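Accompanying notes for the structure given below.
The values are calculated or read from the model by the stated rules, or taken from the named source; none is laboratory data. Model, not experiment: these values are computed from the prediction. Note: ideal-geometry Cβ built from the backbone for every residue, glycine included; neighbour counts use all protein chains shown.
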Amino acid sequence: MAQPLIVAIDGPAGAGKSTVSKILALRLGFTLVDTGAIYRCVALSARRANIKFDDVPGLAEILGGLEVTFRTDEDKNHVFLKGEDVSEAIRTPENSLAASQVSAQPTVRAALLGLQRKLALAAEKGAILEGRDIGTVVFPDANLKIFLFADPKIRAERRFEELYSKGHEKPVGEVLADQNKRDKEDSEREHAPLKAADDAVQIDSTHLPLSEVVHRIEELVSRLSRPKVGL
Ligand code: DC
């Protein structure tokens, strides 16, 4: 059986990856693998079980029993942890910082590598993986690699609005400070830091509506699936 098309969408928090990936997955009929959500589920499980983020044996136990599934709907990409819908619980400000911390642990990264690949390769047509190291580590041979970024202030404003709409009233300055902390941790960590793959198409969404970002990526995907015309 032919391998599904693999589309990697990497970039920092708030660049629009989740919104863009969800719309693309629905339009193209591709499976969406939100890899950040998987790290967030590990963080949530550790917090619920009072396991510290540097407690390697404790984290290993969580990873051994981790069951994460997705369901992509028009409204959002639902995330289930052992069947429980944790889509909201994993996205609180506390769990966001926790996810960044657990994701720096090599044990966690190594354990999740196989799971991310398995979820994507089970797709029938294609898979969109959004994350930080998809094009560099998880699928270095992805058919298409996108690095989506934006000005930090714009990203913090988007995140502020998203949190506000869900009832989390956090001042935008604090959202920016949390985001800077996460950006720094994610980019400076030793294992699989956030960085663009050399062959990634870089898209700056600072002044670009996300609908235009979707359009550009769709065009790139359609070129992949179009048969080559040549002599
Ligand atoms: O994309 P996100 O904000 O939901 O990701 C949550 C955290 O998970 C993020 O701070 C870094 C980590 N992460 C990672 O290290 N590698 C990935 N492929 C995806 C996310």
Looking at region 179-197, can you tell me whether even one residue there is within 14 Å of the ligand (Cβ to nearest atom) and on the phi > 0 side of the Ramachandran plot? yes
From the list ARG117, ARG71, exactly one residue is within 13 Å of the ligand (Cβ to nearest atom) and of a type in the set (D, E, K, R). Which is it? ARG117
Taking the residues in region 33-57 that are within 16 Å of the ligand (Cβ to nearest atom) and at pLDDT below 95 as candidates, determine which candidate is surrounded by the most Cβ atoms within 10 Å (Cβ to Cβ). PHE53
Could you check how many residues of region 159-178 are within 12 Å of the ligand (Cβ to nearest atom), under 18 Å from SER205 (Cβ atoms) and in contact (Cβ under 8 Å) with a residue 24 or more places away in the chain? 1
Test for LYS153: is it more than 30 Å from SER222 (Cβ to Cβ), at pLDDT 95 or above and away from the ligand (no atom under 14 Å from the Cβ): yes
How many residues does region 1-43 hold that are among the basic types (Lys, Arg), touching a Leu at 6+ places or on another chain (Cβ under 8 Å) and under 18 Å from LYS125 (Cβ atoms)? 1
ILE128 vs. criteria without any contact (Cβ under 8 Å) to a residue 24 or more places away in the chain, crowded, with 20+ Cβ neighbours inside 10 Å and either more than 12 Å from the ligand (Cβ to nearest atom) or of a type in the set (S, T, N, Q) (or both): no
Pick from region 168-225, criterion part of a helix (DSSP H, G or I) and small (Gly, Ala, Ser), ranking: nearest to ARG132 (Cα to Cα): SER187
